[in-house]
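Engineer: Dumping the structure here so I can ask a few things about it.
The values are calculated or read from the model by the stated rules, or taken from the named source; none is laboratory data. This structure is a prediction, so every number in the text was calculated from the model and none was measured. Note that each Cβ is placed from the backbone with ideal geometry, even for glycine, and that neighbours are counted across all protein chains shown.
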Amino acid sequence: MKKKIAIIAAILIIVPVLVYFLFPAPFYRMAIYAGRSAAGLTEKTVQVDDHRIVYLEGGRGETVLLVHGFGAEKDNWVLFAKYLTPIYRVVIPDLAGFGESSRISEASYDIMSQAARLDRFAEKVQIGRFHIAGNSMGGQVAGIYAAEYPGKVSSVALFAPAGIRSPEKSELWKLIEKGVNPLLVDNAEDYDRMLGMLFVKVPPMPYPVKKTYMEKAVKNRSFNEKIMGDMMKKTVWLEPFLHRIKAPTLILWGDQDKLLHVSSVPVLEKGIRNHRTVVMKDCGHIPMVERPAETAAHYLNFLAGK
């Protein structure tokens, strides 16, 4: 009898472990659902021109629109957003070409096209005047949006925005000059290298979540390369738009950012008159993922005028 009980106990332990490692998708979905639920966010969809845009929405109050970076998606903001939804309405789209939104090979995904799509998205979901925050490529889109549509923007937050010619070259640009782009992932080794570039301290990531994100990065590699090509064909620098940003602006950067060098901060400060700057010590390129509570505190203080 004791032997049978031991065997049953072993099976009850081993089977879930095998399922955890062999079939990660259900665990990934549960983790994503748990994160969204904790932040009070639900998934919705809207049609914007030819694209089906998938987005998260939750909370009540003034609207905050969050814009992710290259190769990222809406769920990158979830841990950060849970600190906002108690007092703000939060809307987080997957930009066209990323996440669960449409990928159309004939469409262009250059920065100006994305900013124009974002405006049509904002009209579709009827968010009126809003606060906008973006990270990396999303920061570039947010900055250009604030310059192009000033009447619709209450404030801007630029988390290590792309589109600045930094005085010092980042590790990313040094690699790109050698013909290596760590943002385009072919395998698990590439994915680990990319994580090392993004973070000073890689956040804890359950195996099913990490595996699923890695598989998505590999699957979307070709389309991500197409998007990068679109952006390079129609290169738009953020700097010429800076003087046109009239809304209060938060500039936030990690001092150990390997993708976009922190030396870009003075360029932004010189171009944007009404700004506040926060440089996070020992932090990488995606502060709202690496240190969500601290990043949210800086952002909430900015919104509150503290």
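Engineer: If a residue counts only when it is closer than 24 Å to H51 by Cβ and more than 16 Å from the chain's Cα centre (by Cα), which helices (runs of 4 or more DSSP H) contained entirely in region 95-177 have at least 3 such residues?
Structural biologist: Working: elements: 111-124, 137-148, 171-177.
It comes to 111-124, 137-148.
Engineer: For a quick check of your reading: which strands (runs of 3 or more DSSP E) sit entirely within region 31-89 and have at least 2 residues that are crowded, with 20+ Cβ neighbours inside 10 Å, within 15 Å of the chain's Cα centre (by Cα) and among the acidic types (D, E)? Before the answer, list the steps.
Structural biologist: Values: elements: 42-48, 51-58, 63-67.
Once the strands (runs of 3 or more DSSP E) in region 31-89 are filtered for at least 2 residues that are crowded, with 20+ Cβ neighbours inside 10 Å, within 15 Å of the chain's Cα centre (by Cα) and among the acidic types (D, E), nothing remains.
Engineer: Test S166 against the criterion of being under 18 Å from L268 (Cα atoms) and touching a residue at least 12 places away in the same chain (Cβ under 8 Å), and give yes or no. Let's see the steps before the verdict.
Structural biologist: Values: under 18 Å from L268 (Cα atoms): yes; touching a residue at least 12 places away in the same chain (Cβ under 8 Å): yes.
Taking the combined requirement at face value, the residue satisfies it.
Engineer: Follow-up. Helices (runs of 4 or more DSSP H) wholly in region 203-287 with at least 2 residues that are over 18 Å from the mean Cα position of the chain (by Cα) and under 19 Å from P167 (Cβ atoms) - which ones?
Structural biologist: Details: elements: 207-219, 221-233, 265-271.
Correct list: 265-271.
Engineer: Restricting the search to region 139-170, which residues are among the small types (G, A, S), crowded, with 23+ Cβ neighbours inside 10 Å and in contact with a Leu (Cβ under 7 Å, 6 or more places away or on another chain)? So that I can check it myself, show each step before the final result.
Structural biologist: Restricting attention to region 139-170, the residues satisfying the condition of being among the small types (G, A, S) are 139, 142-143, 146-147, 151, 154-155, 157, 160, 162-163, 166, 170.
Cutting the leftovers down to crowded, with 23+ Cβ neighbours inside 10 Å gives us 139, 142-143, 146, 157, 160, 162-163.
Hits for region 139-170 are G139, A142, G143, A157, A160, A162, G163.
Engineer: Based on what the data block shows, is L195 under 18 Å from the mean Cα position of the chain (by Cα) and closer than 23 Å to E177 by Cβ?
Structural biologist: On the way: under 18 Å from the mean Cα position of the chain (by Cα): yes; closer than 23 Å to E177 by Cβ: yes.
Yes.
Conditions tested, residue by residue: (1) hydroxyl-bearing (S, T, Y); (2) farther than 19 Å from A217 by Cα.
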{"residue": "L41", "(1), (2)": "no, yes"}
{"residue": "D49", "(1), (2)": "no, yes"}
{"residue": "V54", "(1), (2)": "no, no"}
{"residue": "V67", "(1), (2)": "no, no"}
{"residue": "K74", "(1), (2)": "no, no"}
{"residue": "P93", "(1), (2)": "no, no"}
{"residue": "F98", "(1), (2)": "no, no"}
{"residue": "S102", "(1), (2)": "yes, no"}
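Engineer: What are the residues in region 50-92 that are more than 25 Å from A162 (Cβ to Cβ) and among the aliphatic types (A, V, I, L, M), if any?
Structural biologist: Correct list: I87 only.
Engineer: With (1) assigned to a loop (DSSP other than H, G, I, E, B); (2) among the polar types (S, T, N, Q); (3) buried (at least 17 other Cβ atoms within 10 Å of the Cβ) as the list, and N181 as the residue in question, which single condition is left unmet?
Structural biologist: (3)
Each row is one residue, and each column tells you yes or no for (1) within 24 Å of S154 (Cα to Cα); (2) of a type outside the set (A, V, I, L, M, F, W, C).
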| position | (1), (2) |
| --- | --- |
| M231 | no, no |
| L238 | yes, no |
| F241 | yes, no |
| L250 | yes, no |
| L260 | no, no |
| K270 | yes, yes |
| M288 | yes, no |
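Engineer: Could you figure out which of (1) at pLDDT 95 or above; (2) farther than 22 Å from I32 by Cβ; (3) basic (K, R) isn't true of K306?
Structural biologist: Unmet for K306, out of (1) at pLDDT 95 or above; (2) farther than 22 Å from I32 by Cβ; (3) basic (K, R): (1).
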